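Working notes, structure below.
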Amino acid sequence: MEGLENMTFISNAVSLVTYFYGYMNFSLTKSANTLTNFMGTSFLVALFGGLISDTYLSRFKTCVLFGCIELLGYAALTVQAHFDQLRPPPCQGLAISQTTQCQAADSGQAAILFTGLYLVAFGTSGVKAALPSLGADQFDERDPKRSSFFNWFLLSFTAGAIIGVTFIVWISTNQGWDWAFGVCTVAVLVSIMVLSMGKSLYRNNVPKGSPLLRIIQVFVVAIRNRKLPQPGIEDELHEVAGVHNEILPRTDQFRFLDRAAIEHTSDDGSTSVNLGPWRICTVTQVEETKIIIRMLPIILSTVFMNTCLAQLQTFTVQQSTTMNTHVLGIKMPGSSIPVIPLVFMFIFIPIYDCVFVPIARKITGIPTGIRYLQRIGVGLVLSAISMAVAGVVETRRKSVAREHGMVDSLQPLPMNVLWLGYQYSIFGLADMFTFVGLIQFFYEESSAGMKSLGTAISWCSSAFGYYLSSVVVDVVNKVSGGWLDNNNLNRDKLDYFYWLLAGMSVVNFGVYLVCASWYRYKKVEVIYKEENHAEGKQVEMLNAV
């Protein structure tokens, strides 16, 4: 399901800016911002999908439900792309300086477009929240294969993306956008059917109630008990040990919240635990809340990398439209440029999982080779390098345009599009480290009752990155006097913009180091109770993870 769903999503992520600009008559900046807002929503609404999965539905049902919503979105986009009257008249034969004269989409046409777009965004968000957790649930907690699963999940993600940015983009370029959206519709339908075929084989989580409600309860009870003395020992705090329960031991961070678990005593000195959830919480519930608070700085310090990714997915595609796109005698659509880092990732993911991780495991003793936060940090460094390289390549592209007197020309420059592969390849490696690191970090560190929400939080980094991208473009345009406001990349100062992003990425990495050093990994005690019927004994085993 991940391969097929991501095939449709990524193909549109890299090419929709062309559809907005060339078919819906949006300006270059509006096209870029519309795409980044769509992408941001796709990731941010994953929080809703995660809450639904943990609170009401199993992860399997969540994937099927939201997959159907995504299906409706692609169907709406297919209909609009097929009928000319649902789109504004095309702009043909106009020079770059005259594109502002094109007729804009009317309110009805825009409504159809945004309805389809945000149905897709809403649908894919639920799948992204629940699907990684559904896959990881199939492995036992201590099974090393669960760590490998996330790498192979990324491989499926990448394989689908490769097909999307080549096959689907080729269809949109040569056969029409209605055919491309139609193929996306069929692909999502098939993905839902394939996932449903395995229903009887899956381990399915049992929803444990709203994790958001449990977090709110901790804050409410802690504030209620704010005048009580700070508990000195853990035995003074309330905990419930059941069968197959995950018990989170008390930690020293955010000690104010420990007041939510203070046990109340009656007048005769006996302990009373028969209170409602709004009067007393367990230590595990308090620690579950602390985990979320500790995660927030990590998620915020990885946002800027996704802002950089958003720029590559928009402006780099526009750069490619000005260049010679013939590769080995074959004309490559500009939107297919991301296939370069994807192929790079497709090759290096198995090498990372099968070669690097076993070697690193022997050196560090860590099952995953290196810790999740270390993996994310490597990705952030590579992201900064990628932005610096992008600035150098853009400087070279503009110099070629000036040397050949083609600054205002619509003809492709005598510079091959593969030059853009340098920045994309480095960023592909960055994504390989950070993407899986974030998803696995939030899945493993989240408590048992909020795995889907934890996975959804990891996607928030992408969401905020895409939203911040729109803000950064607007702010840079205003402060710089219009670096990116000419609708002509040959006259814009995109190279300055890339170097600015590189500098900000370095600062962001410094912030991340502080946040990662402050973070404390979760410790878990799992209590198992097994009844031996032959001897009539009960065997209790305590595992400290």
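Structure notes:
- Criterion violated by GLN313 - all others in (1) in a loop (DSSP other than H, G, I, E, B); (2) under 23 Å from LEU500 (Cβ atoms) satisfied: (1)
- Among (1) of a type in the set (Ser, Thr, Tyr); (2) within 30 Å of ILE370 (Cα to Cα); (3) free of Cβ contacts under 8 Å to residues at least 60 places away in the same chain, the one test that SER458 misses: (3)
- Cβ pairs under 9 Å, 6+ apart, first in the range 415-443 and in contact (Cβ under 8 Å) with a residue 60 or more places away in the chain and outside the structural domain of LEU131 (by the TED database), second basic (Lys, Arg) and open to solvent by less than 10 Å² (accessible area, probe 1.4 Å): MET415/ARG397; TRP419/ARG397; LEU420/ARG397
- Matching residues in the range 482-515 - criterion: being part of a helix (DSSP H, G or I), surrounded by fewer than 17 Cβ atoms within 10 Å (Cβ to Cβ) and of a type outside the set (A, V, I, L, M): TYR496, GLY503, GLY510
- Flag for ARG361 being surrounded by fewer than 20 Cβ atoms within 10 Å (Cβ to Cβ) and touching a Phe, Trp or Tyr at 6+ places or on another chain (Cβ under 8 Å): no
- Within the range 365-404, tally of residues that are in a helix (DSSP H, G or I) and open to solvent by less than 70 Å² (accessible area, probe 1.4 Å): 26
The values are calculated or read from the model by the stated rules, or taken from the named source; none is laboratory data. Quick caveat: nothing in here was measured; it's all calculated off a predicted structure. Neighbour counts are summed over all protein chains in view; Cβ atoms, including those assigned to glycine, are modelled from backbone coordinates with ideal geometry. Ligands, DNA and RNA are stripped out before the accessible areas are found, and what is left, the full protein with its side chains, is counted by its heavy atoms. Shrake-Rupley method; radii C 1.70, N 1.55, O 1.52, S 1.80 Å.
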